[in-house]
1. What list do you get for THR201, THR193, THR260 if you sort them by fewest beta carbons within 10 Å?
2. Where does each of THR175, THR30 land when they are ranked from fewest to most other beta-carbon atoms within 10 angstrom?
3. Could I have the simple spin-label model distance between THR30 and GLN135, label points 7 Å from Cα toward Cβ, reported in nm to one decimal?
4. What ³J(HN,Hα) values, in whole Hz, does the Karplus curve 6.51 cos²θ - 1.76 cosθ + 1.60 give for region 142-150 when θ = phi - 60°, with x put for Gly and Pro?
5. Quick one: Kirkwood hydrodynamic radius for region 70-281, alpha-carbon pairs, angstrom, one decimal?
Amino acid sequence: MRPTILGIAFLLCVGFGFRDANAEEATFVTRAELDDLYARLAEHERLLASDIQQGACCSSPCYPCSTCPGVTFAAELLLLKPFQSEGEAPGFDYHAAPRISLGYTGEKGLGFNVRWFDYDASNPNANFFDTSDIQLTVVDFEINDKFELGHWQGLISGGLRYADYQEFSFGDFETMEDSWGPVLGVQLTRPLTEHFAIFATARSSFQYAANGLDNGFVVEDMTFTISELQLGAQFTRPGRWGGEWYFRGAFEGQYWSGGTIGDGDTEDLSLAGGMLAIGLTR
């Protein structure tokens, strides 16, 4: 590839140097013009090499967010500690929790994603009135789309969320199982160098549960909200067959509010900690 480009450069220089072979005076390019030509050729070579690495399978002049279609996934390890607004969860430590995502992104940036999160934290030092165990399960079914906002790269998503909430103590237990609701999310990424970037992700849902338990009594038609926030940094490398591999580290906070959380009055549950992830994005 390089000899061909250099050959074209030589012919262009000759063409610029001698615009008319029959003219009495030949016009030569200046040193600055020649350096500019070399710089433009070097940039084209760099872009060509980047396209080859990323599997130059999809370039669309109509869609600035065009990408190579394919599978996306993420494997995340979270370390989260629970907190309650009325202090009924003292003594909990950080607990590890998995979150797995699998999806597909099309050439025009539109795709879908399924995400599963499971959290189970126990407090062996809890007294009779304190929360001794918290179990949370979340499954998201989303459609997402890419967009650009100045120097920021964005991903907006929306769909349905399934969530289970279970909280146990020696004195009572509260549950909100089989809840469903709409979920909306957005992610913004700001590249700093060729491989490093910072990012922020926010997601929120409004859940409806047909029934649950509060202090052991059945409660019907409950609502509650779940909100999540991530702030972190990532390192990326081009994938061999398109897309980009990324490695992420971030702070994560979750906020569960309403329904029978706590003792069923106005308590809230928060999870705070860190996240490490590896994934493939398009």
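Computed from the coordinates by the stated procedures, all read-outs in this text should not be read as laboratory data. This is a predicted model, so every value here is computed, not measured. So basically every Cβ, Gly included, is an ideal-geometry build from the backbone, and we count neighbours across all protein chains shown.
1. Values: THR201 20, THR193 8, THR260 24.
Exposure proxy ranking, most exposed first: THR193, THR201, THR260.
2. Numbers: THR175 20, THR30 9.
Starting with the residue having the fewest Cβ neighbours, the order is THR30, THR175.
3. With each label placed 7 Å out from Cα toward Cβ, I get 7.8 nm.
4. After applying 6.51 cos²θ - 1.76 cosθ + 1.60, I find 10, 9, 10, 8, 8, 8, 10, 9, x Hz.
5. Details: mean 1/r = 0.0551 Å⁻¹.
This gives a value of 18.1 Å.
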